Amino acid sequence: MNVTFHGRNCEITEKFRRHTEPRAATLENFFDRIGEVRVTLAMQRGWKTVEITLEADGLLLRAEERTNDELASFDKALDRLERQLRRYRERVKDHTRQPFRRIAGQQEQPGPDVEEEQDVTGDAEAIKIVRTKTHPLKPMTAEEAALQMELLGHDFFVFFNGNSRQVEVVYRRRDGGYGLIEPVTG
């Protein structure tokens, strides 16, 4: 397991590293195929926000907490991530009755999401794109995409459906169910 640190508007102190590295290593107790754990510390207006992103065998989990102490923020975010891993293990166990299986055809190891800021020139009323995010598309079923969406805590998830060979979107409906958008061209 590889733990990387990133600081936004701050430096990562040795005290923070000593506190976080052994605690992040405990995540392997919940899931043994963790590839990378990315810890981002951001400081803004006295608040210290810690974001932990975990990539494990095609699974992407994220937790974020904000307090006035970076160590407390990390501990709370780690607790959230542990709860997500426990919930994921239980859902996979109940759903498939077997450990997490690799998706057929998945060979490469995708990199982490890349974010960059981008301005669109034009009038003041023009649409302004303030952030662009790239996301590696992995072949999966709609059910696996819905599970990934729930684990990330998002309202929608873009994925590559291995059966239909198309990019599709699964989303959470207001009534609590899930919806699937299948693109049709022409």
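Counting only strands (runs of 3 or more DSSP E) that sit wholly inside the range 1-90, those with at least 1 residues that are touching a His at 6+ places or on another chain (Cβ under 8 Å) and either surrounded by 14 or more Cβ atoms within 10 Å (Cβ to Cβ) or at pLDDT below 85 (or both) are 36-44.
Looking at the range 124-143 only, could you name the residues that are surrounded by fewer than 19 Cβ atoms within 10 Å (Cβ to Cβ) and assigned to a strand (DSSP E or B)? THR132, LYS133, THR134, PRO139 - these are the residues of the range 124-143 that are surrounded by fewer than 19 Cβ atoms within 10 Å (Cβ to Cβ) and assigned to a strand (DSSP E or B). When the range 144-165 is filtered for residues that are exposed (fewer than 13 other Cβ atoms within 10 Å of the Cβ) and farther than 26 Å from GLU64 by Cβ, the ones remaining, listed by number, are ASN163, SER164, ARG165. In the set (1) over 17 Å from the mean Cα position of the chain (by Cα); (2) touching a residue at least 40 places away in the same chain (Cβ under 8 Å), ASN29 fails one condition alone, (2). The set of residues in the range 32-65 that are touching a helix residue (DSSP H, G or I) at 6+ places or on another chain (Cβ under 9 Å) and free of Cβ contacts under 8 Å to residues at least 24 places away in the same chain comprises TRP47, ALA63, GLU64, GLU65.
The values are calculated or read from the model by the stated rules, or taken from the named source; none is laboratory data. Predicted model, so just to flag it, every value in this text is computed and none were measured. Every residue, glycine as well, gets a Cβ built from its backbone with ideal geometry; the counts of neighbours run over all protein chains shown.
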